[in-house]
Amino acid sequence: MQIEFLNLGRVNAEYDSAIRESIDRVLRSGYYILGEETAAFEREFARYCGVTHCIGVANGLDALHLILRGYGIAPGDEVIVPANTFIATWLAVSLVGARIVPVEPDPSTWNIAPERIEEAITSRTRAIMPVHLYGAPADMDAILDIARRHRLRVIEDAAQAHGARYGGLRAGSLGDAAGFSFYPGKNLGALGDGGAITTNDDELAERLRKLRNYGSSIKYQHEVAGVNSRLDEMQSAVLRVKLQHLDADNARRAALAAAYREALAETPLELIRVPEQAQSVWHLFAVRTPRRDALRDYLASRGVGTQIHYPVPCHRQAAFADQAWSALPVTELLQSEILSLPMAPYLSADDVAYVAAQVKAFFA
Ligand SMILES: *Cc1c(COP(=O)(O)O)cnc(C)c1O
């Protein structure tokens, strides 16, 4: 048996004819940038997330970076980020010239540890950027409480958490603003790059609509030195199709995750703890073991594809070698032990049973 880590062709095959129709519609319209499809997707995604504004942008990194710019966060400011995340979270902060302040994860949820945030706050701290890692919302009650007491912005990196809930509210509506990615492998994935910002902040939304479009709201009038970062009509049309099926896809992922958790409960693998108020959308199904590399090789020999998210922590990347980072032992240990098993809406219960059986055989 052969179970790939992820096959995006199979993900999109489910919606083949609807996607083709939507692409045809855009092709014939003769309108490809900032037209009706993007406006409609922005309305639909804002409603889905339970916010008043959605601003489509070119990718998830731009979404995060433009929120920071929109709030005027700049050199001299500090932004608190999780130490264990995809590098885009950190790059968003370095793009505005602010200082990256990494905070260690909670060893049970693997998300940023709220009790370690407070000790990282200084007079220069402007924002906390929690990541809902692997689709599970961070401990937002504690994070929002700290932010309120210290008057900090909370910017969600929701790139892995389309549709996740915390206390009944959707990711993207939990802080001041949120950045989403529609990179093809995400739970809501385009056929190329795409991203969006969600917020209830009217002023921020207005600034961001200009910033993403050359600093302009009226053609050829440029009020600020903006960038070109727009979600295009083709991607918006595809995303409108897939948004209709996002809850069903996420329910499928949750069922597969429950099957994995039950089947793996008796193994020495450590599984993620999802806080009671949180509902994960299982972007990834990651497990943890000190025997990670041997398990990975064994699974490969049995036809099971796996990945490591992420093999090198941000503070160990050459890109950030010019800065002195404090010791981050929890992050480093986690990074050396994590392994992501196959997770996609098209997988069957039998696929998950096969993977779990191979894991059990490895530990037997
Ligand atoms: C994917 C991702 C991003 C960036 O998204 P892009 O669209 O690839 O720029 C940011 N943060 C996290 C946590 C991600 O997983």
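Which count do you get for residues in the range 310-331 that are surrounded by 14 or more Cβ atoms within 10 Å (Cβ to Cβ) and either touching a Leu at 6+ places or on another chain (Cβ under 6 Å) or farther than 17 Å from Leu271 by Cα (or both)?
Step one: of the range 310-331, the residues surrounded by 14 or more Cβ atoms within 10 Å (Cβ to Cβ) are 310, 313-316, 320, 325, 328, 330-331.
Then keep just the ones that are either touching a Leu at 6+ places or on another chain (Cβ under 6 Å) or farther than 17 Å from Leu271 by Cα (or both); that gives 313-316, 320, 325, 328.
Of the residues in the range 310-331, 7 are surrounded by 14 or more Cβ atoms within 10 Å (Cβ to Cβ) and either touching a Leu at 6+ places or on another chain (Cβ under 6 Å) or farther than 17 Å from Leu271 by Cα (or both).
Step by step: first the residues of the range 144-191, then only those that are in a strand (DSSP E or B) and hydroxyl-bearing (Ser, Thr, Tyr), then the one that is surrounded by the most Cβ atoms within 10 Å (Cβ to Cβ). Which residue is that?
In the first step, residues of the range 144-191 are kept if they are in a strand (DSSP E or B); the result is 153-157, 165-166, 169-170, 177-181.
Subsequent filtering for residues that are hydroxyl-bearing (Ser, Thr, Tyr) retains 166, 181.
Details: Tyr166: 24, Ser181: 28.
If we take residues in the range 144-191 being in a strand (DSSP E or B) and hydroxyl-bearing (Ser, Thr, Tyr), then Ser181 is surrounded by the most Cβ atoms within 10 Å (Cβ to Cβ).
Check Asn187, Asn213, Asn200 and return the single one that is farther than 26 Å from Gln279 by Cβ and of a type in the set (S, T, N, Q).
Working: Asn187 fails: farther than 26 Å from Gln279 by Cβ; Asn200 fails: farther than 26 Å from Gln279 by Cβ.
After ruling out the rest, the residue left standing is Asn213.
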remark   = Counting only residues that are under 16 Å from Ala83 (Cβ atoms), assigned to a loop (DSSP other than H, G, I, E, B) and either more than 10 Å from the ligand (Cβ to nearest atom) or open to solvent by 10 Å² or more (accessible area, probe 1.4 Å) (or both), the range 121-135 contains a total of 2
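For the range 332-358, name all the residues that are of a type in the set (S, T, N, Q) and over 18 Å from the mean Cα position of the chain (by Cα).
Going through the range 332-358, the residues of a type in the set (S, T, N, Q) turn out to be 335-336, 340, 348, 358.
Scanning the range 332-358 gives Ser336, Ser348, Gln358.
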ask   = Is one or more of the residues making up the range 62-83 within 16 Å of the chain's Cα centre (by Cα), in a loop (DSSP other than H, G, I, E, B) and crowded, with 21+ Cβ neighbours inside 10 Å?
value = yes
note = Scanning the range 5-36 for residues that are outside any helix (DSSP H, G or I) and either of a type in the set (A, V, I, L, M) or surrounded by 13 or more Cβ atoms within 10 Å (Cβ to Cβ) (or both) gives Phe5, Leu6, Asn7, Glu14, Tyr15, Tyr32, Ile33, Leu34, Gly35
query = Looking at Pro275, is it in a loop (DSSP other than H, G, I, E, B) and in contact with a helix residue (DSSP H, G or I) (Cβ under 7 Å, 6 or more places away or on another chain)?
reply = no
message = What's the number of the only condition in (1) within 16 Å of the ligand (Cβ to nearest atom); (2) out of contact with any strand residue (DSSP E or B) (no Cβ under 8 Å at 6 or more places or on another chain) that Pro290 fails to meet?
response = (1)
ask   = Given (1) within 15 Å of the ligand (Cβ to nearest atom); (2) under 30 Å from Ala237 (Cα atoms), where does Pro105 come up short, assuming only one miss?
value = (2)
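The values are calculated or read from the model by the stated rules, or taken from the named source; none is laboratory data. Here the structure is a predicted model, which is why all the values come from computation and not from measurement. All Cβ positions, even for glycine, are placed from backbone atoms using ideal geometry, and neighbour counts span all protein chains on display. Heavy atoms of the whole protein, side chains included, go into the accessibility calculation; ligands, DNA and RNA do not. Shrake-Rupley method; radii C 1.70, N 1.55, O 1.52, S 1.80 Å.
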